[in-house]
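The next block holds one structure in the form of structure tokens; read it before the comments.
The values are calculated or read from the model by the stated rules, or taken from the named source; none is laboratory data. Just so we're clear, the structure is a prediction, and the values are computed from it rather than from any experiment. For neighbour counting, all protein chains shown are included, and Cβ atoms are generated from backbone atoms with ideal geometry for every residue, glycine included.
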Amino acid sequence: MDIIESQESSITTETREEQMDLPFFPEPQQDPEGFSLPEFETILQAREYMQQHFKGKRFLPLISCTKQKLPNKAPAWKLYSVSVLFYKSYHVAKYLRLTLRDPYILSAKYGLVSSSEIIEPYDETLSNRSRKERAIWGRKVAKQLLSQFDVNREVFIFFTGKKYYRPLVSYLPNSVSFFPQSYGIGQRMSYLTRLLEDYKKIY
């Protein structure tokens, strides 16, 4: 019975995606005004800021896939957790405690992936794709998001670099980058490390 229901749910979701008529937005060259969150001293400070600035909204963290992966198929969060950046992003997103749902993952190959979905490893990234190719990917992922979530009620928190969030922001009226705009990978890593170290001192 569960298998049949799961199959029917999958078919319904795929049908909604196929029938959805979305406009095609090219990848913007700049971030929307106010898109990046300020730098926080603690995870608690970040949580309180989000709750105050987005009252009445639901939250969904989105984390980008990584080059480093397990060599065998696994639940998505485990597949990518061999990457230190992904591991730390995932745990900061969880410790924010803004939602009971696990973070979702933005995959260059599969699009939108739940943390528990079992997927095969692959060697694809958005980093070497053209702006047009990333825009095509963004429209595909936007369809997946719109088929599963009410984008007017959700605030999507991006734990990603620009090449993973810019193809999507035009479709998502409520979205923010957890990282300050100027942060590269090294700065993101240091920021997450500091937040996690402070969190572990308290909890």
*Every residue from segment 175-202 that is of a type outside the set (A, V, I, L, M, F, W, C), under 17 Å from residue 47 (Cβ atoms) and in contact with a Phe, Trp or Tyr (Cβ under 8 Å, 6 or more places away or on another chain)*: 177, 191, 199
*So which of 66, 12, 42 ends up being within 26 Å of residue 100 (Cβ to Cβ) and modelled with pLDDT under 95?*
12
*asked:* Report every pair of residues separated by at least 6 positions or lying on different chains whose Cβ atoms are under 8 Å apart, first residue within segment 135-150 and crowded, with 18+ Cβ neighbours inside 10 Å, second basic (Lys, Arg).
replied: 137/129; 138/166
*Hey, among the residues in segment 15-39 that are under 30 Å from residue 182 (Cβ atoms) and either of a type in the set (Asp, Glu) or touching a strand residue (DSSP E or B) at 6+ places or on another chain (Cβ under 7 Å) (or both), which one's modelled with the lowest pLDDT?*
33
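Here are some residues: 139, 129, 134. Which one is basic (Lys, Arg) and in a loop (DSSP other than H, G, I, E, B)?
Going through 139, 129, 134 in turn, the sole match is 129.
Could you tell me whether segment 77-91 includes any residue that is closer than 27 Å to residue 203 by Cβ, hydrophobic (A, V, I, L, M, F, W, C), buried (at least 17 other Cβ atoms within 10 Å of the Cβ) and free of Cβ contacts under 8 Å to residues at least 40 places away in the same chain?
Initially, segment 77-91 is screened for residues closer than 27 Å to residue 203 by Cβ, giving 77-91.
Add one more test, that the residue is hydrophobic (A, V, I, L, M, F, W, C), and what stays is 77, 79, 82, 84-86.
Now drop any that are not buried (at least 17 other Cβ atoms within 10 Å of the Cβ), which leaves 77, 79, 85-86.
Subset that is free of Cβ contacts under 8 Å to residues at least 40 places away in the same chain: 77, 86.
Checked segment 77-91: at least one residue is closer than 27 Å to residue 203 by Cβ, hydrophobic (A, V, I, L, M, F, W, C), buried (at least 17 other Cβ atoms within 10 Å of the Cβ) and free of Cβ contacts under 8 Å to residues at least 40 places away in the same chain.
From the list 173, 180, 167, which one is part of a loop (DSSP other than H, G, I, E, B) and either closer than 17 Å to residue 113 by Cα or without any contact (Cβ under 8 Å) to a residue 12 or more places away in the chain (or both)? Don't jump to the end; show me each part of the working.
On the way: 173 fails: either closer than 17 Å to residue 113 by Cα or without any contact (Cβ under 8 Å) to a residue 12 or more places away in the chain (or both); 180 fails: either closer than 17 Å to residue 113 by Cα or without any contact (Cβ under 8 Å) to a residue 12 or more places away in the chain (or both).
Only one candidate passes the filter, namely 167.
With respect to residue 32, is the statement that it is part of a loop (DSSP other than H, G, I, E, B) and either among the hydroxyl-bearing types (Ser, Thr, Tyr) or out of contact with any Gly (no Cβ under 6 Å at 6 or more places or on another chain) (or both) true?
On the way: part of a loop (DSSP other than H, G, I, E, B): yes; either among the hydroxyl-bearing types (Ser, Thr, Tyr) or out of contact with any Gly (no Cβ under 6 Å at 6 or more places or on another chain) (or both): yes.
Criteria met by residue 32.
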